[in-house]
1. Have a look at A:122, A:198, A:148 and report the one farthest towards the positive end of the charge dipole of chain A, computed about the Cα centre with Cβ charges (Lys/Arg +1, Asp/Glu -1).
2. Tell me whether region B:2-269 comes out rounded, prolate or oblate; compute the Cα gyration tensor, take square roots of the eigenvalues as a ≥ b ≥ c, and use a/c under 1.5 as the rounded threshold.
3. Can you give the direction-averaged projected area of the convex hull of the alpha-carbon atoms in chain A, in nm²?
4. For chain B, the longest stretch holding no GluC sites (Glu not before Pro) located in a DSSP loop with at most 16 other Cβ atoms within 10 Å is which?
5. Thinking of the protein assembly as shown as a set of Cα atoms, what percent of all their pairs are more than 35 Å apart?
6. Report, by chain and number, residues whose modeled amide H sits under 5 Å from the one on residue A:209, excluding near sequence neighbours (fewer than 5 apart, same chain).
7. Where does helix B:114-125 land angle-wise versus the long Cα axis of chain B, in degrees 0 to 90, nearest 10?
8. Hey, got the average number of other protein chain Cβ atoms within 10 angstrom for residues in A:162-172?
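Read-outs throughout are calculated quantities, based only on the coordinates presented, and are distinct from any laboratory measurement. As the structure is a computational prediction, the values presented were derived from the model and not from experiment. Counting neighbours? That spans all protein chains shown, and the Cβs are built from the backbone with ideal geometry, glycine included.
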Amino acid sequence: MVKASDSNNKISKDDGIIVLRNVTRNFGQNIVLDKINLAIESGKTTVVIGPSGCGKTVLVKHIIGLLRPTSGQVFFKGKRIDNLNEDQLGKIRVHFGYLFQSGALFDSLTVAGNILFPIEHFFKIPSQKEAEEVVKIKLQMVGMDGFQERYPSQLSGGQRKRVALARAIALSPEVIIYDEPTTGLDPIRSDVINELILKLKRELKITSVAVTHDMTSAYKIADRIVMLHQGKIIADGSADYIRDINNPVVQQFINGQISEEELEILRMRDSYDATKLWTNIPR
Amino acid sequence: MRMPAAAGRIADHLERLGEFGRFVWRAIVVSFFSCFKPATYPLIWSQMYIIGVRSVPVIMITGAFVGMTLAVQAYDQLAGMGLEERLGALINISGVKELGPVLAAVMLAGRVGGALTAELGTMKVTEQIEAVKSMGVDPMYYLVAPRLLACLLLAPVLIIYADLLCSLGGYFVSVHVLGISGRPYWDYSASVVELWDVSVGVIKGFFFGAAMAVISCYKGFNCEDGAHGVGKACTEAFVASLISILALDFMLVVIFKSIYNTLWPLRSMF
Ligand SMILES: Nc1ncnc2c1ncn2[C@@H]1O[C@H](COP(=O)(O)OP(=O)(O)OP(=O)(O)O)[C@@H](O)[C@H]1O
Ligand SMILES: [Mg+2]
């Protein structure tokens, strides 16, 4: 488990490439993360599941310092990062690729421009031809070759997501964080993305953290599944462990079942006849 | 009960002021170092095109109208004293020292500042600024520095345009409408307007441009979520830019005046 070494700003690297220790985060009165402890192992894929609005995005944003904990610490490779300034964080973030839930493509740049953005910033690309080649390879990985000159506003939601994924992996980072990589994609495309995530892990030993609602995808890519619920981690284990876990909240979530209370609310609404209101509307 | 609430609000304001101060400081430092990085030049260049070149027509029209209006307004006063020949001096000295720089800066704040805030605010709301950060790129370096440098460098140039057109507009009305002969218009202008006056106007431009750019970028970066947030940020940015332009103008006038008075005895040496 997580042990403090002599200095408060360092922990042993063996604890995991990314370690969250007692991370609490509130927005005003709203406690989104409540003393989260999580150690992520290098070279493995960790999947974070949980109901909508439970704080999955907030959790992964803490990993690269886009959000800072209200209390608690975040470590990367044994070094504390949550108290670094933006300059120092910038140097850490180069090791990460981050796929935003919304894609967050730069809408003033073309698809090719988006993918070249991180590359150009850190490397000198020798020639135009070379640049085109890199973009082509990255886009082929996500099945978007041929869209180089389009602007993000000219793409569908799923296409944007895939371009954003290509951009996140552009620098071949050590750690990739995927915030809902398969949402908005058809089942076949989703499976292509799953295969891509598996391939990156297999061939480049990339550490992945994926947030998803898609249980098919979660079972396929996960070495470990973590379930977040009301600010706490309520289940943590391999895909098989989670599938057979004896916990009603988790079971309901992974099987997509609505709870009895929620059903009750829907029944109440049913008995209320909205069409009654219409009688007064002149038609 | 009421005291703590008020104290809390004051603390809030102070905190925001501190945040703004830090933002300004970082913007200045990063912009300074960007000047030595050839990789930023294309970014600055494209901002200069958007901010500078596209503003030329607006600025020229502003300048011309200022000159023309001044001519019409001042004519009666001067004619009453039989001094209408000196119209050129009055138009040019007010245009070059005050109205040209201030009105050009105000036009820029409207045209460029609004667009800057809206652009950066939309980027903030759609997580694009976070995306820049997530790639290890400093948004100060990629987004703020090029805009700040472009405004800082181009505002003085645009002020020169405004001055020029103010002069020409004044000339047009004085000579072709009010019937003053052209020769005294230029003669009196040349004898009254010194290089110092023009320089003061242009130097003000650096300050106005920088203030407007920093305020607009700050408002964009700290914009609240949603379309409403972006709109609000734009309004606030414009109002804040306007007030700071006027306040800076006042302070600079006071400072320059004391410099002028100190240097005045030395003038004969040049
Ligand atoms: N910037 C913010 N300001 C205030 N509250 C926020 C902010 N960001 C997130 N929250 C709150 O934190 C909670 C968790 O949000 P988060 O985006 O992490 O959910 P999520 O688990 O990713 O949900 P989804 O699956 O729908 O994406 C929500 O209740 C949200 O209202
Ligand atoms: Mg989310």
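1. Checking the options against the dipole of chain A, the answer is A:122.
2. The shape class here is prolate.
3. Average projection, Cα convex hull of chain A: 20.5 nm².
4. My reading of the result: B:1-193 is the longest stretch.
5. Values: 79787 of 152628 pairs.
In whole percent, the share of Cα-Cα pairs in the protein assembly as shown beyond 35 Å is 52.
6. Hits under the 5 Å cutoff: A:46, A:176, A:177, A:178.
7. In chain B, helix B:114-125 runs at an angle near 0 degrees to the longest axis.
8. 1
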